[in-house]
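Enquirer: Here's a structure for you.
The values are calculated or read from the model by the stated rules, or taken from the named source; none is laboratory data. None of these values were measured; they are calculated from a predicted model. All Cβ positions, even for glycine, are placed from backbone atoms using ideal geometry, and neighbour counts span all protein chains on display. Please note that ligands, DNA and RNA were not included when accessible areas were found on the heavy atoms of the full protein model with its side chains. Shrake-Rupley method; radii C 1.70, N 1.55, O 1.52, S 1.80 Å.
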Amino acid sequence: MRCGTSTRRPQKGTRVNNMDAIDIVKSNYIKELLSKGIREDMRKVSDFRKIKITPNVIQNAEGSAQVDLGATRVLAGVKIDLGEPMEDTPKEGTVAMSAELLPLASADYEAGPPSPEAIELARVVDRGIRAGACIDTADLFLEEGKVWNVYVDIYVLNYYGNLFDASELAAMAALMNTKVPAYADGKAVRTDRSKPLKLNNIVTSATFAKVDGHMLLDPDGNEEAACSTRLTVATDGKKLRALQKGLGGSFNVKEVEEMVDMAMSKHEELKKHLESAR
Amino acid sequence: MGSKANRPELIVDGKRLDGRALDELRPLKIEASVLKNADGSAYLEWGNNKVLAAVYGPVETQPKHMADPSKAIIKCRYAMAPFSSLEEHGRTGPNRRATEISKVTKEAFENVVLLNEFPGSMINIFIEILQSDGGTRVAGITAAAVALASAGIHMKDLIYAVAIGKVGDALILDQNMIEDNYSDADMPIAIAPRNNDVLFLQMDGDFSKEELKRSIDMAIESGKVISKVQKDALRHVYQKAAERYESE
């Protein structure tokens, strides 16, 4: 089992021990630094990289936002279409989330159908937002058999670690800036988009990589190449809303508890970023 | 495609719906080297179109059986984001239209990239349409040319592309989505400005021989502006680098 690069590298070709030389060099470099108590960009273990949220970058979409988390860049776009409800929730709109690891984002990404890594990314982001009941789906009900279908597409434009938190922020920021089309004569009127999408909660996530027993918040690309395992904690500040442990290694219970505490304590800081981009 | 019956007045007193003259380009803005991982990249805004193009390569050809021992091969992906249009949510992944555009885009660049410099290798061109408003394929080619240049890949020329349309008897330059939907003809074209060679040409609708000739002349005239924006984008990258160097 190769280490680290869960969101990074689709399987391709043959490799020595499934890990190429450059990853071993990066990994050794990160571990050597950590043994002296430093990260490659001099951050503390509990620091996020610089966060920049740019809302409304795609005016054709009903909502959008670009997030720069260090050198990682993610664009989320929201489209809202007229559609049918799910059978078991006839009075509620629907939400569908997907993610694409675009081949222009990394030399390791390839064109083609979504990789398991892209699907995991979309599902983890979706779980946090869905479990946090962020989107008021009852408010998306129009009339018998007609509701709004909300589509959130996460477009990874540049990979350098921690796609989970960048994507959670991008999706949330896009939703917070989404306007629902008017509904007239049984049709969506996209030229009249004034009603903000009704949200009831704000969820953020914090992802940790474990490298030689160090828990690193917001791992960058090299740190993901070096890590043995990973945990994503999504929270609204009061409750945990989603967890996802990834990759081959393991955590002990105390480590999990520490990361959960850290994630909850980081929520306010992330929420401030989201609110200032509203 | 809108029908002619419900076509809005696209030209009133010699002006178009967005106020442009018949031979006027929409505002064009290009920024080169915008993505950290790619070997070369460009972000382009052309009217309401927003396009990101990136180049990786030359790299070892994958899969290996596609390698050509005499020259490099080019691979190209053109794709539209599902949130790019003002209409419904699009399907993800390339459809038949995108596959065709990818093919003809690749072929346009095969004529200008010095492929024999890198035998056995592959050059990947990725074009992502983030927002669409008519003329995305020509916007993609114009952006990809800058991305290739910013990747330092040797080319015979820095090519550009533009579309010409026809409304009634009038030829219009660089049509937007509404004009595109209701026009009588649409002709995207890519040109190498050094010798005005045509590297990519498509047309549908109805065009006389004379209109074709006038359209190509219009494209070449507009190319002076497009080429300048492309070159300025590249120049800007090196100017910034030089300023950084001098300040250190």
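Enquirer: How much of the DSSP beta bridge set in chain B is antiparallel, as a percent to the nearest 5?
Expert: Of those bridges, close to 85 percent are antiparallel.
Enquirer: Also, I was wondering about something else. List the accessible area buried at the contact between B and A, summed over both sides and calculated with a 1.4 Å probe, in Å² to the nearest 100.
Expert: The B and A chains share an interface burying roughly 2400 Å².
Enquirer: Are any of the pairs A:K245/B:K240; A:K50/B:K103; A:K272/B:K36; B:K103/B:K224; A:K50/A:K238; A:K195/B:K231 more than 31 Å apart by Cα-Cα distance, and if so, which?
Expert: Beyond 31 Å between Cα atoms: A:K245/B:K240; A:K50/B:K103; A:K195/B:K231.
Enquirer: A further question on this structure: With chain A treated as a Gaussian network of Cα nodes joined by springs under 10 Å, which of A:E224, A:E117, A:E258 yields the largest mean-square fluctuation?
Expert: A:E258
Enquirer: Before anything else, pin down the relative contact order of chain B: Cα pairs under 8 Å, at least 6 apart, normalised by residue count, whole percent.
Expert: The value is 21 percent.
Enquirer: Here's a follow-up. On a straight-distance basis, which lysines could pair with A:K36 in a cross-link, Cα separation under 18 angstrom, same-chain partners fewer than 8 positions away excluded?
Expert: Within the straight-line cut-off, A:K36 pairs with A:K26, A:K44, A:K210.
Enquirer: Of the residues A:S167, A:S106, A:S194, which exhibits the maximal mean-square fluctuation in a Gaussian network model of chain A defined by a 10 Å Cα contact cut-off?
Expert: Residue with maximal mean-square fluctuation among A:S167, A:S106, A:S194: A:S194.
Enquirer: I'd like the distance between the alpha-carbon centres of the stretch A:178-249 and the stretch B:151-227, rounded to an integer number of Å.
Expert: 43
Enquirer: How many percent of the accessible area of the protein assembly as shown is carbon or sulfur, using a 1.4 Å probe?
Expert: 52
Enquirer: Another question about this same structure. Determine how large the accessible area of A:S27 is when every protein chain is in place; take a 1.4 Å probe and give Å² rounded to the nearest 10.
Expert: We get 10 Å² for A:S27.
Enquirer: Calculate the mean, over all residues of peptide B:38-47, of how many other protein chain Cβ atoms lie within 10 angstrom of the residue's Cβ.
Expert: Partner-chain Cβ atoms within 10 Å, mean over residues of B:38-47: 1.
Enquirer: Pull up the DSSP beta bridges for the stretch B:64-175 and report the antiparallel fraction as a percent, rounded to 5.
Expert: If we restrict to bridges inside the stretch B:64-175, about 45 percent are antiparallel.
Enquirer: Within a Cβ distance under 12 Å of A:V25, other residues only, what is the Lys/Arg minus Asp/Glu net charge?
Expert: So the environment of A:V25 carries a net charge of -1.
Enquirer: A further question on this structure: Between A:E87 and A:E32, what is the label-to-label distance in nm when each label sits 7 Å out along the Cα-to-Cβ direction?
Expert: Between A:E87 and A:E32, the simple spin-label model gives 6.0 nm.
Enquirer: Rounded to the nearest 0.05, what FRET efficiency is calculated for A:A21 and B:E221 with R0 set to 51 Å and r the Cβ-Cβ distance?
Expert: Between A:A21 and B:E221 the formula returns 0.45.
Enquirer: Can you give me the angle between helix B:209-247 and the longest principal axis of chain B, using Cα atoms only, in degrees from 0 to 90, rounded to the nearest 10?
Expert: 40
Enquirer: Please calculate how many Å² of accessible area the protein assembly as shown carries per residue, with a 1.4 Å probe and no DNA, RNA or ligand atoms counted.
Expert: The answer is 45 Å² per residue.
Enquirer: For chain A, what's the relative contact order in percent, using C-alpha pairs closer than 8 Å and at least 6 residues apart?
Expert: 23
Enquirer: Here's something else I'd like to know. Which trypsin sites (Lys or Arg not before Pro) in the stretch B:16-93 pass both tests, a DSSP loop state and at most 12 other beta-carbon atoms within 10 Å?
Expert: Counting only loop positions with at most 12 other Cβ atoms within 10 Å, the trypsin sites (Lys or Arg not before Pro) in the stretch B:16-93 are B:R91.
Enquirer: Further, regarding this structure: Taking Cα pairs under 8 Å and at least six residues apart, what relative contact order does the stretch A:11-145 come out at, in percent?
Expert: The normalised contact order for the stretch A:11-145 reaches 14 percent.
Enquirer: A further question on this structure: Angle, helix B:136-150 long axis vs. longest principal axis of chain B, Cα atoms, 0 to 90°, nearest 10?
Expert: 30
Enquirer: Using a Gaussian network for chain B with springs between C-alpha atoms less than 10 Å apart, which of these wobbles most: B:N49, B:N124, B:N181?
Expert: Among B:N49, B:N124, B:N181, the largest mean-square fluctuation in the Gaussian network model of chain B belongs to B:N181.
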